[in-house]
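Single-structure report; data block below.
The values are calculated or read from the model by the stated rules, or taken from the named source; none is laboratory data. Predicted model, so just to flag it, every value in this text is computed and none were measured. Cβ: placed from backbone, ideal geometry, glycine included. Neighbour counts: every protein chain shown.
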Amino acid sequence: MDYSNSERCVMKFIDRNFVRRDVLQLGSLFALGLGTADLLNLSKIARADEVGLRLKPRSKSCILIWLDGGPSHLETFDLKPDAPIEVRGPLESISTSIPGVHLSESLPEMAKMIEKFAIIRSMTSPLGEHNFGTHYLMTGYKPTPVLEYPTLGGVASHLSRSQTVLPQNLAIPDFQVGGGNLSGAGYLPSNHAPFSISGDPAKPDFQVEDLELAQGLDSARLLRRQRYVHQLSELNSFGGGSKNSFSDLDRSVELVSSPTAREAFQIDQESPKTRQKYGPRTIGQSCLLARRLIERGATFVTVNNRGWDTHNDLITRLKDGYTGAKKPVGLIPSLDLALSGLVNDLDERGLLEQTLVVVMGEFGRTPKLNSAGGRDHWPRVFSVALAGGGIRAAQLIGASDATGESPADRPVTPSDLAATIYTLLGIDPQLELKTTDGRPVRLTPHDAQVIQELVG
Amino acid sequence: MFRKTVRNARDYEFTWSLNSFILNRWSFPVLFLLVTAASSLFADDQTLIDFDTEIVPMLTKAGCNSGACHGAAAGRGEFYLSLYGSRPDFDHTSIAHRFEGRRVNLSKPESSLLLLKSTETIEHGGGTRFDLDSHEVKLISTWIAQGAQRHQLRILKSFEAQPQKQVLNKVRSKIPLSAIAEFSDQSSRDVTHLTVFTAEDSSAVEIDSVTRAAKVLRPGQHVVIARFLDVVVPIVLILSADSEQLDLTNLQRENFIDEQIYQLLEVLRIPPSPPAGEAEFLRRIHLDLTGRLPNSAQIVSYQNDKSQEKRKRFINSLLESEEFNDYWTYEFSKLLRIRSQPQDSVGAKTYHAWLRRELANGTSFAAIAKTLLTATGDSHEVGPANFFRTVGGPREQAEFVSELFMGSRLRCANCHDHPLDRWSQDDYHGLAAIFAGVKSGREISYITGAEVVHPATGEAAIPRIPGEQFLESLSDGRDDFANWLTSDQNKYFAKAIVNRIWKRLMGRGLVEPVDDLRTTNPATHPVLLQLLADDFVKHDFNLRHTIQRIVSSAAYARSSQTLPQNQTDLQYYSHAIGKPFEPEVLADAIADATGIPVRFGAASQDLRAIQLFDSKITSPELDRLGRCSREESCESSHATIGGLQLMLHFINGELLNLRITSTDGRLAKLLGGGKSDSEILEDIYLSTFSRAPKQAEVSYWENELSQINRTQERRELLQDLFWSILTSEEFRTNH
């Protein structure tokens, strides 16, 4: 690692288990008539001695817009208007608010505010299969049969000091990524896997189910039930691996008992004007919900947008949305509204500096169009866009070659990107965590290099 | 001779311009001196250097032909090599002839682009692969000076890495690794320096790149992969726990399984837990063989049976039960991904009924596989024909079939030869070609002459039995494939299925993942896997037989309670591994315990969730519990629902709340029947934990109950008690 000591984070993180112990006391405190606020004050006092060891992270939270299936770099962030037609593809290139920087014609809103973004055009990976690529981008490690690594969100959740009762790691609408083989928690306790909202925030009747107390249940009985589950385990001394299910139970009780937490999911509390900004489709309203969640202390929210595996008929799927559309409503125009809406909204609320927004998928697409009018998997070079979170924006990092086939300059690996995201979140990428059998594993591989242009 | 001169003249021009480009670099003169020295030493050497067996492995060792570099299907910088040197003919053309032959300079080997790049004398995206004074540079320049011919002097006959397996007692002690190759010219060479050694888990085994010594850092069984040319072999290193020597000779062995399990535990010095108690064993075996909890009558009669052979008799009676047929049909339905098609559930129903019939009849698994692989006909009438409606297209069919019946990931060989296994692109596209003739839809038929394109040649792939031979006949190649697959000698078929059955019963596959059997991903107990497979074949591929073998072992009957010395063990079977209920099993268990059935679709309410033939039938309850949709493999999928979501539903949803309060439910009936607290407690414990409450539990609940007065309060407390039992790990796990 070649970054300086001042940049090296020496923060000491509180293990999530510490927080868990506080939570266990929640039941008895409720019984004493103490509210959640008092409890949080207690835990602040308990941790005061740790504060001196922390460095201020640039970003408190991260919204990852995951374009599942592998978005074409050649139709989004890295167009090749001068290349032959089979490389160039059907979409035009447009200029942006920064002279000389061009984007896809389907990203007009983003083009107006490109100075708020940094785009890496030289991402590179050898893994061109959905599961493998997703694992690499989401964890910073290539997959291996011997260990399942935690995702960026899982790690951020594990190390989070946020004092909200909300889950620290959430996915909207779900975490079915790269074919669905990634739990998210890796070797960390399973409660760091993302909490899936399991609903479409763009639907009028959207709500997160099971947050309201069931009929006939009150908080006294809920706490009694919780106590009995713990008691049963103690009485029959069953197993040794019950920790996770307890923490699920305890966190659920906590969540259900908190009006603030429930309110976070109520997207209909947003004004129609705000809702419009993000566009009417699922990706837009998911980004809006993500903003509500991070505003209330969630650390990592994945907005999972599926459908980017465009092996055929790319123009319909990416641009038009359906055959004969008058106004393009495909994946890229929807992303454009969602992304510009999110970044503007965060900015207006003064949240952009402390919220990192990352837009990526598992790989790019082949430089040449195939015979079905689509592009196949291409991990050798692809693009990632970032905004907010204290990054140095208004820049392009790296470049692909003339046909978008290989990095021409400054190759960046998914490990490098992971190390950079961790650094921005105030997490030392060299930090070692322990697996269940006690072995230390670094957050990122040894060869991961922080992208200095972004954090410097 | 003349032609050679002309070519060299052109090369001369090229190198001249290169020379002027690099003259100001300090390295050039060094390279020049060294290489000229080397060539003058070796140029007259009569010993020819063989491209295939000497140059290629060096490129592999240096990473030149890896997937991230020139080995990628798209090459790199217009320089293409086959992945890990799997096709030396291709590599030779690439190096010696492509790019106008500029990669080699016969008259001035030191000016060959191959060397200038790999030593980073001129700019090279891959950095410095070889030092200027290295052995590799000398060898390559000598080979070029000799004419850069392929020669093909010898073919690799066998490759062996040493040690194959070694047991160590001390952490960090050094184990030298070596490798020997035998060739067709009768020569045997030490190829240690040309072999790539990689630890599967680099935090467990450290390999010194200079001395090639391995150091094991953690107790356990670890694998190092040795690669030479296109051959990969595993090296197994075992480090014993830092404890007393273990002697397990006195422990009871029920069959060959136990011998193998104890052997490794002794080596690793991990003591096994004692046998499970009667109640624990009864619940376990009942769940594993029928997917349901034992009822109270069964529990009582089992407890009262004092005969010697009762365990054996009980196992046999379960194996012969209709419940066994139901449950294992469910297991195999998941494996075969039986589900309805859009607007068509008739096929799935026929398929499911056929499967159940075959399993109930005890049809050999070889016959089942053969029937499936060669099926044709109306899928509404012919159950197995639905096999060809599971995935779309011949390539997908090849992937599905190889994962299902061979436990092999042939799919890696779609774009390139499998880097860690023996599968080549010819195997993948050849197997796909066998299925090319299958026309799917409601009617499954086979037509001859259909093709799939081999991406390397751009021509029709030749039908091929993977790893064996090309098929010449124009008939239905599925027969040849099915015969090969299900023959007694097949190396994959029996292992793949016994490993899955083992995992289902023991909680972990001998090989994990279960669809990735290959020499470089060895079993934790390789001999045991072989013995189980042989035993299965010997007993005519009888599934019940193998299930019975496994559940009769002492390993299966071990307690799930851990000892301090074995609590971190998750793969050597020192204690039983707790298996969380499968979603459908959990749904049925909740239904049985509460007395209120699971809800789904419009299907008759007296069906159990495991009896459903269609995984797509509407059921929010099963969705909540995380059932597999069977659209893709159910084996590696994590339930993405579960965790917090499921717990929230337990707390506030209807799944449990409705069932513990329903007036038709078990608790309401117990209360309505005027049962006493202890009777109710006993009944609930038996119907959930399959055991009576312990004394400490009885006292605890009695104390809780003594603090309330009103009937309403008593009911609520018992509901809360019931809820917490259904939510507890003990209930939701087969332990």
Query raised in the report: Hey, any hits in the stretch B:515-528 for a residue that's in contact with a helix residue (DSSP H, G or I) (Cβ under 9 Å, 6 or more places away or on another chain), away from chain A (no Cβ under 11 Å) and outside any loop (DSSP other than H, G, I, E, B)?
Result: yes
Requested in this report: Give just the number: which of (1) modelled with pLDDT of 90 or more; (2) within 23 Å of B:Arg500 (Cβ to Cβ) does B:Arg422 not satisfy?
Outcome: (1)
Requested in this report: Starting from residues that are among the acidic types (Asp, Glu) and buried (at least 17 other Cβ atoms within 10 Å of the Cβ), keep the ones in the stretch A:339-375 and report whichever is farthest from A:Pro71 (Cα to Cα).
Outcome: A:Asp345
Report task. Could you pull out the residue among B:Gln260, B:Gln245 that is assigned to a helix (DSSP H, G or I) and in contact (Cβ under 8 Å) with a residue 24 or more places away in the chain? Result -> B:Gln260
Requested in this report: Tell me which residues, restricted to the stretch B:701-735, are at pLDDT 95 or above, closer than 24 Å to B:Val300 by Cα and within 8 Å of chain A (Cβ to nearest Cβ).
Outcome: B:Leu721, B:Ile725
Report task. Check B:Ala241 against each of (1) touching a helix residue (DSSP H, G or I) at 6+ places or on another chain (Cβ under 7 Å); (2) at pLDDT 90 or above; (3) closer than 19 Å to B:His525 by Cα and name the one condition it does not meet. Result -> (2)
Query raised in the report: Among the numbered criteria (1) modelled with pLDDT of 95 or more; (2) in contact with a helix residue (DSSP H, G or I) (Cβ under 8 Å, 6 or more places away or on another chain), which single criterion is violated by A:Gln25?
Result: (1)
Query raised in the report: So, in the stretch A:193-221, of the ones that are in a helix (DSSP H, G or I) and more than 7 Å from every other protein chain (Cβ to nearest Cβ), which residue ends up farthest from A:Val177 (Cα to Cα)?
Result: A:Ala220
Query raised in the report: Which one of B:Thr562, B:Thr524, B:Thr519 is under 21 Å from the mean Cα position of the chain (by Cα), crowded, with 17+ Cβ neighbours inside 10 Å, more than 27 Å from B:Gly665 (Cα to Cα) and β-branched (Val, Ile, Thr)?
Result: B:Thr524
Report summary line: Residue count, the stretch B:413-468, condition in contact (Cβ under 8 Å) with a residue 60 or more places away in the chain, farther than 22 Å from B:Leu229 by Cβ and buried (at least 18 other Cβ atoms within 10 Å of the Cβ), comes to 2
Report summary line: Within the stretch A:125-147, the count of residues that are surrounded by 19 or more Cβ atoms within 10 Å (Cβ to Cβ), of a type in the set (Ser, Thr, Tyr) and facing chain B (nearest Cβ under 8 Å) comes to 0
Requested in this report: Being surrounded by fewer than 21 Cβ atoms within 10 Å (Cβ to Cβ), within 12 Å of another protein chain (Cβ to nearest Cβ) and part of a helix (DSSP H, G or I) is the filter here, so list the residues in the stretch B:682-700 that pass it.
Outcome: B:Tyr685, B:Gln695, B:Ala696, B:Glu697, B:Val698, B:Ser699, B:Tyr700
Query raised in the report: Can B:Thr142 be described as at pLDDT below 95 and in contact with a Lys or Arg (Cβ under 8 Å, 6 or more places away or on another chain)?
Result: no
Query raised in the report: So how many residues does the stretch A:148-174 have that are out of contact with any helix residue (DSSP H, G or I) (no Cβ under 9 Å at 6 or more places or on another chain) and either farther than 11 Å from A:Thr299 by Cβ or within 12 Å of another protein chain (Cβ to nearest Cβ) (or both)?
Result: 1
Query raised in the report: Only one of B:Lys503, B:Lys495 is surrounded by fewer than 21 Cβ atoms within 10 Å (Cβ to Cβ), modelled with pLDDT of 95 or more and within 14 Å of the chain's Cα centre (by Cα); which?
Result: B:Lys503
Requested in this report: Being within 14 Å of chain A (Cβ to nearest Cβ) and surrounded by fewer than 18 Cβ atoms within 10 Å (Cβ to Cβ) is the filter here, so list the residues in the stretch B:190-204 that pass it.
Outcome: B:Thr198, B:Asp201, B:Ser202, B:Ser203
Query - For A:Val87: the one exception among (1) crowded, with 23+ Cβ neighbours inside 10 Å; (2) at pLDDT 90 or above; (3) more than 10 Å from chain B (Cβ to nearest Cβ) - result: (1)
Query raised in the report: Residues in the stretch B:572-595: is at least one under 17 Å from B:Gly665 (Cβ atoms) and assigned to a loop (DSSP other than H, G, I, E, B)?
Result: yes
**Report entry** Which listed residue, of B:Lys117, B:Lys157, B:Lys165, is over 38 Å from the mean Cα position of the chain (by Cα) and either surrounded by 14 or more Cβ atoms within 10 Å (Cβ to Cβ) or at pLDDT 90 or above (or both)
**Finding:** B:Lys117
Report task. Output the number of the condition that B:Glu679 fails; it satisfies all remaining conditions of (1) within 9 Å of chain A (Cβ to nearest Cβ); (2) modelled with pLDDT of 95 or more. Result -> (1)
Query raised in the report: A:Ala261 fails exactly one of the following numbered conditions: (1) more than 10 Å from chain B (Cβ to nearest Cβ); (2) in a helix (DSSP H, G or I); (3) at pLDDT 90 or above. What is the number of that condition?
Result: (3)
Query raised in the report: From the residues in the stretch A:179-192 that are crowded, with 24+ Cβ neighbours inside 10 Å and under 19 Å from A:Gly133 (Cα atoms), which one is farthest from the other protein chains (Cβ to nearest Cβ)?
Result: A:Gly186
Query raised in the report: Has the stretch B:293-308 got at least one residue that is among the β-branched types (Val, Ile, Thr), crowded, with 19+ Cβ neighbours inside 10 Å and part of a helix (DSSP H, G or I)?
Result: yes
